[in-house]
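The next block holds one structure in the form of structure tokens; read it before the comments.
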Amino acid sequence: MSNTRRPLIVGNWKMNGLRAEAASLAGALAEKMKEQGATTFDMLLCPPATIIDAVGKAIAESGLSLGGQDCHANQTGAHTGDISASMLADLNCGYGIVGHSERRTDHDESDAVVKAKAEAALAAGLVAIVCVGETEEQRDAGNTMGVVAGQIAGSLPESASASNLVVAYEPVWAIGTGRTPVSAEVQEVHAMIRQKISELIGESDAAQVRLLYGGSVKPRNANELMSLADVDGALVGGACLNPDDFWAIAQSCP
Ligand code: 13P
């Protein structure tokens, strides 16, 4: 973590949460934020689209931010069941996750699709959180760096800058498994990602882009992960559904 990049802790609720959780989980975090007053980190909640509005009401005036888990590449049109970035912005979302590995796998999203979604997010005024990460098979074949570099080259929006882009490195094999890469590997991949971003948007902007690690981030490993030079926060799945665990992860930010 650096002195110049403000840490960002993101809770990706995935397909979890009915209206009751909007009040209980988001409300509990809003209370913690208010009690703490000034924080050393930004905290973002990305609930399912059905309860974004309810979560927004539960976190009003708390300093917590709101985001979507996905968006369509178009802002309107005949796309049954999809949600656009401008719809997320209309619900007071400031961020949109795109290219999560579960989207890439479950919905066959290519780098080009992810890039188009990221462009749509920026066009709607959202910060795009672009996710990348290798599978276990790719890792075992020694291709982690090549795979992630290719995803960065193919998925980042043309108009990216430090203020509208966040990149999350989530090794697919670490998601929901309790396994994580060793710290040196995480730092090595993050440093490479920053270098690749710098080739695309220039060194000074790249130096300010926040890079999140995701994949089995828990209170027990957050301190070590957040201490790495090029890790500027976390993208948390399972542990974000428990407000005490999610809060403990945020407290690990120096
Ligand atoms: P877990 O924290 O459950 O491993 O999920 C990580 C993730 O996919 C966040 O987007």
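The values are calculated or read from the model by the stated rules, or taken from the named source; none is laboratory data. On a predicted model such as this, the values are computed, not experimentally measured, just so you know. No Cβ is skipped: glycine too gets one built from the backbone with ideal geometry, and neighbour counts run over all protein chains shown. Each accessible area value is taken on the protein alone, full model and side chains, heavy atoms only, with ligands, DNA and RNA left out. Shrake-Rupley method; radii C 1.70, N 1.55, O 1.52, S 1.80 Å.
Straight-line reach from Lys115: which lysines fall under 20 Å, measuring Cα to Cα and dropping same-chain residues less than 8 apart? Within the straight-line limit of under 20 Å, Lys115 reaches these lysines: Lys196. Once the Cβ-Cβ distance of Asn143 and Thr50 is raised to the sixth power relative to R0 = 35 Å, the FRET efficiency obtained is 0.40.
Placing unit charges on the Cβ atoms of the charged side chains and taking the dipole of the stretch 1-68 about its Cα centre, the candidate lying farthest along the positive direction among Gly68, Thr4, Leu45 is Thr4.
The overall shape of the stretch 98-211, judged from the alpha-carbon gyration tensor, is oblate: a/c is not under 1.5, and a/b is no greater than b/c. For the chain, what does the alpha-carbon gyration tensor say about shape, rounded, prolate or oblate, given a ≥ b ≥ c as the root eigenvalues, a/c under 1.5 as rounded, and a/b over b/c as prolate? Rounded shape, in that the Cα axes give a/c under 1.5. If the reach is capped at under 14 angstrom between alpha carbons, list the aspartates and glutamates near Lys117, excluding any in the same chain fewer than eight residues apart. Correct list for Lys117: Asp70, Asp82, Asp108, Glu109, Glu158.
To the nearest 20 Debye, how big is the dipole of the chain about its Cα centre, given +1 on the beta carbon of each Lys and Arg and -1 on that of each Asp and Glu?
460
Exposure check, 1.4 Å probe, all protein chains in place: Thr135 carries approximately 50 Å² of accessible surface. Loop-located GluC sites (Glu not before Pro) across the stretch 71-173 with a Cβ neighbour count of 12 or fewer within 10 Å are Glu158, with loop assigned by DSSP. In the assembled protein chains, Met33 presents an accessible area of approximately 10 Å² (probe radius 1.4 Å).
Put Lys117, Lys196, Lys57 in order of accessible area, largest first, 1.4 Å probe: what do you get?
Working: Lys117 15, Lys196 65, Lys57 140 Å².
So, going from the largest accessible area down, we get Lys57, Lys196, Lys117.
Split the accessible area of the stretch 104-233 by element, probe 1.4 Å, and carbon with sulfur accounts for 49%.
To the nearest 20 Debye, how big is the dipole of the stretch 48-148 about its Cα centre, given +1 on the beta carbon of each Lys and Arg and -1 on that of each Asp and Glu?
Numbers: 6 positive and 15 negative charges, 65 e Å.
Computed about the Cα centre, the dipole is about 320 debye.
Among Met87, Leu18, Ala120, pick out the residue whose Cα is farthest towards the positive end of the charge dipole of the chain, where Lys and Arg carry +1 and Asp and Glu carry -1 on C-beta, about the Cα centre. Value computed over the given set: Leu18. Normalised by the number of residues in the stretch 48-96, the mean separation of alpha-carbon contacts (under 8 Å, six or more apart) gives a relative contact order of 41 percent. Give me the lysines in straight-line cross-link reach of Lys57: C-alpha distance below 19 Å, same-chain residues under 8 apart excluded. Counting by Cα, and skipping residues close in sequence, Lys57 has these lysines nearby: Lys32, Lys34.
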